[in-house]
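Reading through the structure tokens given below for one structure.
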Amino acid sequence: MATAPTTVPVADFLARVPNPVRRSDAEVLVGLMQEITGQPPVMWGPSIIGFGHLRYRYESGREGSTPGVAFSPRSNQLVLYVLTQPAADDVLLDRLGKHTTGKVCLNIVKLADVDLSVLGEVIRRAWVENTTAGHCVVCH
């Protein structure tokens, strides 16, 4: 994620999400991620809501920062930056419900399609793994 935290209020951003289901789901995700991480939501760039602020450094010496966990309410789905292992090997995802994955992204059309307790486990695992490592593993 090549972006930085901003001072835009998360509530202002959410109020502008045009799809009412996506907006409502995003509000639920803000609460869930805040509860799990103990961190306030912060806008990272124009469309990502992140929790925590982690620094990383590649072996090459290149450095950056990223939230510990994050998501974006896109027009057609919610994109969660919470995958820390290959999706094919992830037993939690087998129990999650309807979703797709990218390299580090979990894509959900609507929260009603997934088991929120399993989603909470996925988010908690990502938070623990990312913050315990001292850097964000999704940036490798």
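What follows is calculated from the coordinates using simple rules that are stated; it is not laboratory data. Predicted model, so just to flag it, every value in this text is computed and none were measured. All Cβ positions, even for glycine, are placed from backbone atoms using ideal geometry, and neighbour counts span all protein chains on display.
Tabulated results
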item: Sorted peptide list for 107-114, 42-49, criterion being average Cβ within 10 angstrom, highest first; result: 42-49, 107-114
item: Size descriptor, Kirkwood hydrodynamic radius, that averages inverse alpha-carbon separations across the chain, Å; result: 15.1
item: 222 nm mean residue ellipticity, helices alone, for the chain (DSSP H n ≥ 4; -39,500 (n - 2.57); rounded to 500); result: -10500 deg cm²/dmol
item: nm² value of the averaged projected area, convex hull over the Cα atoms of the stretch 22-105; result: 6.6
item: VAL69 long-range amide H proximity, modeled H, under 5 Å; result: PHE51
item: Approximate spin-label separation THR100-GLN85, in nm, with each point projected 7 Å along Cα-to-Cβ; result: 2.4
item: Two-site label geometry, SER117 and ASP12: point separation in nm, points 7 Å out along Cα→Cβ; result: 3.9
